[in-house]
Amino acid sequence: MSDTRRIDALIVEIGSTTTVATAFDGLAGWPDTTPTLLGQGFAPTSVADGDVGIGLDAARAMLEAKLGPLAPEVTLATSSAAGGLRMTVHGLTQKMTAMAAREAALGAGAVVKYQTAGRLRDHDLREIEAVQPNLVLLAGGVEGGDVEVVLHNASRLSEIAARPIVVYAGNSVVAEEIRGILEPVGFRVMVTANVYPAIDELDILPARHVIHDAFEAHITHAPGMERIGGFVTGRILPTPGAVLIAAELLAGSEGDLVVIDVGGATTDVHSVTDGTPEMSAIATDPQPHAKRTVEGDLGTFVSAEHVAALLPEAERPDPLPPAVPTTAGEIAAASLLARTAAVTGVHRHAGSLTHLYTPSGRKTVARGRDLTACRLVIGTGGALTRLPDGEGMLRATLEPGNGERLLPPADARVALDRDYTFAACGVLSTYFPAGAVVALMKASISPRSG
């Protein structure tokens, strides 16, 4: 049709409650063209109705009502619907391979529903069955190290009734044996690099990429999501995983940073940093360059009661706000919960200084994530970008409290993803030049006049 507008990309973000369709142009010709956000359309997510296409069609219809008929070069997607990416992770030791496997899963955008260390027992198998994971991440043993535990665990996994995709990210010596145990009984096994190849060494990026591939393979067959394959022509990523990819890209331009997303049910905190040399010198555990944590009890709607309980009784909002606050009272209540969730989420994400008493005297060590080199803190997602004073909520996360937490400095810059494009930018980077995607994000966090 002659009146159809050709554009570079259409991105659909299928959330648990809302589906967003966003149109972009000027990406393919970068740097000779200016990357541009053209517009967005919104609709209720329809996975629960048995057909994701209803919400996708409605969001695109709203978008095209503003822009006219669109012919995108590529249509990409992110999704946290249909329960998100549910995973269980299994390693050899709690503080080594199991921790590394968890970091890989969370960094990929997963919801880790169950984690084990050591040999799987009958109780563990029952828990895995109850979780009904989309993916299982199996790890164990440094390179050339232990093989008995991971072989035992593969054998035990073969006993469960379900057949989730298994990502193997353990000692490569037995990778083919793992395939030989699981594939003959109906599991699809995807092998990647060992997430913990040597003591105090993490290598989780290859596992993240394979988990994204496995997610695509799963999501196109998930109940209610079957039509997504006909709508999307390119990649489908877990929404939190896409946000972390976006954060990594932006950090390459802007330096170490933190990205916070307060949702209705959870709060995600992403950081991209290696910390400061001073803290690295006294650190007790390895940390990935890019890290995500998800707090399942911090949200403004589904988890509102949990967040309210963190406040002094006299400050707790009553009644709690609905999913979409509209009145002044509801908006004030949602803002208070969002601020509390953001602060608590960052405090949990950050590590802290700890004092140990040794025969030679007191020794100070740094445990967990060092955010002290992060001079940019960004808010994305509906709560922080749409409720009043989102920047004030971000500044509250910098308040030192007891002074022992390894938080970003008090004078760090705070900014909002005002265009609500970070998740879209993460998946855009799989198809278009990184520089074009970074330009979109920098425009979204730039100060606006008026």
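Here is the tail figure for the range 105-211: Cα pairs spaced more than 21 Å apart come to 29 percent of all pairs. The range 67-140 and the range 277-304 have Cα centres lying 17 Å from one another.
Relative to the present Cα-Cα distance, how much length would full extension add between Arg367 and Ser155 at 0.36 nm per residue of separation?
Working: separation 212, 0.36 × 212 = 76.32 nm, distance 3.51 nm.
Full extension from Arg367 to Ser155 adds 72.8 nm.
The Cα atoms of the range 143-266 define a convex hull whose projected area, averaged across directions, is 10.8 nm². In terms of packing, defined here as the mean over residues of other Cβ atoms within 10 angstrom, the peptides 251-260, 179-188 line up highest first as 251-260, 179-188. Hydrodynamic analysis of the range 360-450 uses the Kirkwood radius over alpha carbon pairs. Inserted into Stokes-Einstein at 25 °C and 0.890 mPa s, it gives a translational diffusion coefficient of 161 µm²/s. What the Cβ-Cβ distance of Thr327 and Tyr114 gives, at R0 = 51 Å and to the nearest 0.05, is a FRET efficiency of 0.80.
Dipole size of the chain about its Cα centre, with +1 on Lys/Arg Cβ and -1 on Asp/Glu Cβ: approximately 280 debye, rounded to the nearest 20. Relative to the 2.2 N^0.38 Å rule of thumb, the range 63-103 has a C-alpha radius of gyration ratio of 2.20. Debye-formula intensities of the range 47-172, expressed as log10 I(q)/I(0) at q = 0.14 Å⁻¹, are -0.67 (one equal scatterer per alpha-carbon, no solvent). Within the chain, DSSP assigns beta bridges of which about 45% are antiparallel (rounded to the nearest 5).
Normalised by 2.2 N^0.38 Å, where N is the number of residues, the C-alpha radius of gyration of the range 66-137 stands at 1.55.
Please identify the trypsin sites (Lys or Arg not before Pro) of the range 1-96 that satisfy two criteria: DSSP loop assignment and at most 13 other Cβ atoms within 10 Å. Which are they? For trypsin sites (Lys or Arg not before Pro) across the range 1-96 that sit outside H, G, I, E and B with at most 13 neighbouring Cβ atoms in 10 Å, the list reads Lys95. The average projected area of the range 327-379, computed from the convex hull of its Cα atoms over all directions, is 5.3 nm².
Estimated from helical segments only, the mean residue ellipticity of the chain at 222 nm is -10000 deg cm²/dmol, where each DSSP H run of four or more residues counts as -39500 (n - 2.57). In this simple spin-label model, placing a label point 7 Å from the Cα along the Cα-to-Cβ direction at both Glu305 and Glu148 gives a separation of 4.7 nm.
Reducing the range 41-61 and the range 145-222 to their Cα centroids gives an inter-centroid distance of 34 Å.
Extending 7 Å from Cα along the Cβ direction at Ala65 and again at Tyr357 yields two label points whose distance is 6.8 nm.
Per Stokes-Einstein, at 20 °C and 1.002 mPa s, what whole-number D in µm² s⁻¹ belongs to the range 238-292, with the Kirkwood radius over Cα pairs as the hydrodynamic radius? Estimated diffusion coefficient is 176 µm²/s. Put simply, the convex hull of the Cα atoms in the range 177-243 casts, on average, a shadow of 6.6 nm².
Quick one, could you list the DSSP H helices from the chain stretching 27 Å or more along their long axis (Cα atoms) with average Kyte-Doolittle hydropathy of -1.0 or above? Before the final figure, lay out the partial values.
Numbers: long enough: 328-349 (31 Å, 0.51).
Answer set is 328-349.
Dividing the alpha-carbon radius of gyration of the chain by the rule-of-thumb value 2.2 N^0.38 Å gives 0.99. What does the charge add up to near Glu305, with Lys and Arg as +1, Asp and Glu as -1, over the other residues with Cβ less than 15 Å from its Cβ? Summing Lys and Arg as +1 and Asp and Glu as -1 gives -4. Translational D (Stokes-Einstein, µm²/s) of the range 9-65 at 20 °C and 1.002 mPa s when Rh comes from the Kirkwood sum over C-alpha pairs? D, rounded to a whole number, is 182 µm²/s. Comparing mean-square fluctuations of Ala309, Ala101, Ala217 from a GNM of the chain with C-alpha springs under 10 Å, the top value falls on Ala309.
Laboratory data are not the source of any read-out in this text; all were calculated from the coordinates shown. Quantities reported herein were computed from a predicted structural model and do not represent experimental measurements. Here the Cβ is made from the backbone with ideal geometry for all residues, glycine too, and neighbour counts use every protein chain on show.
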